[in-house]
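The values are calculated or read from the model by the stated rules, or taken from the named source; none is laboratory data. The structure presented is a predicted model; accordingly, all values stated were derived computationally and were not measured. Quick reminder, even Gly has a Cβ in these numbers, built from the backbone with ideal geometry, and neighbours come from all protein chains shown. Ligands, DNA and RNA are excluded from the accessible area calculation, which covers all protein heavy atoms including side chains. Shrake-Rupley method; radii C 1.70, N 1.55, O 1.52, S 1.80 Å.
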Amino acid sequence: MNAAVPPWMGLILKKRSQVKSEGPKLVPFFKATCVYFVLWLPTSSPSWFSALIKCLPIFCLWVFLLAHGINFLVSHRSASRILAGLIFSAVGDAFLIWQEQGYFIHGLLMFAITHILYSSAFGMKPLDLKAGLLMGVVSSSCYAFLYSYLSGPFTYLVAVYIALIGFMGWRAVAGVQLCNDLWTWTKLSACVGAMLFMVSDLTIALNKFCFPVPYSRFIIMATYYAAQMLIALSAVETRDEEDFRKRS
């Protein structure tokens, strides 16, 4: 007689199959990312073509979410907010192509809006104040280190930006709940994505305001694209997960 499969084990098996099913939809994203790194267009010569190549992987993530259907985006507010965040990210990427021409602050604003949208998508439950305290300490430490290198409007703009991305990181981490076995692969994806986004932005800040970071562009873009992909994946919620929460 075959032993009955526990409900939680069946859910895990379903999650594995769902992760695999999302893979083919991400093929255009991986190809576009490879194009960016293969062409490796010089940042010293900004152009609309270089902006297109840089934004192309993010465009592919738009398509990835849209491929799940308009009804999916309408019925899942978190997914629609992540799509909106990806749209503002692409605009921010375009501004940063011309950051030496004075558009860095414009890019900063676009990504600040992105983090607000992502935070809203991740939600405020569970609250997890311990995770919030940890992210507050990390964010404050980063700003304390950067403070002596900042001047003019960047003194407060960077502070606001760090607060926003730190808040976004808190909401992503809080959703995992590993100890309570309430985590899902989408929540874990959001958590890892948020952490990679913070690594990418911290590298930008160190390289721009403090000192040259070796291989900074590769580190920034590799972690950035990975972060955006994982956050886009986190939008793929399922009824099975909702049913599992009701049974828990």
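I want to check the label-to-label distance for I70 and M124. Put each point 7 Å from Cα in the C-beta direction and report it in nm to one decimal.
In this crude spin-label approximation the distance works out to 3.2 nm.
For segment 26-150, with every protein chain kept in place, what is the accessible area per residue (1.4 Å probe, Å²)? If you can, show how the numbers build up before the last one.
Numbers: 6740 Å² over 125 residues.
On a per-residue basis, 54 Å².
Between F209 and F30, what FRET efficiency follows from the Cβ-Cβ distance if R0 is 25 Å, with the result rounded to 0.05?
Numbers: r = 32 Å, r/R0 = 1.28.
Taking R0 as 25 Å, the efficiency between F209 and F30 is 0.20.
FRET efficiency for Q101 and V63, Cβ-Cβ distance as r, R0 = 35 Å, nearest 0.05?
Values: r = 30 Å, r/R0 = 0.85.
It comes to 0.75.
What distance in nm separates the two pseudo spin-label positions at L157 and W48, each 7 Å out from Cα along the beta-carbon direction?
2.5 nm
In segment 74-180, what is the volume of the convex hull around the alpha carbon atoms, normalised per residue and reported in Å³?
Working: hull volume 11.1 nm³, N = 107.
Output value, Cα hull per residue: 103 Å³.
Students often check this: by mean Cβ neighbours within 10 Å, which of 32-41, 89-98 ranks highest, and how do the rest follow? Walk me through the intermediate numbers first.
Values: 32-41: 13.7, 89-98: 21.2.
Taking the mean over residues of other Cβ atoms within 10 Å, the ranking is 89-98, 32-41.
Run the accessible area of segment 86-200 with a 1.4 Å probe and give the carbon-and-sulfur part as a rounded percent.
Working: 4130 of 5580 Å².
Using a 1.4 Å probe with all protein chains present, segment 86-200 comes out at 74 percent carbon and sulfur.
Tell me, what is the per residue accessible area of segment 154-213 in Å², probe radius 1.4 Å?
Numbers: 2540 Å² over 60 residues.
Result: 42 Å² of accessible area for each residue.
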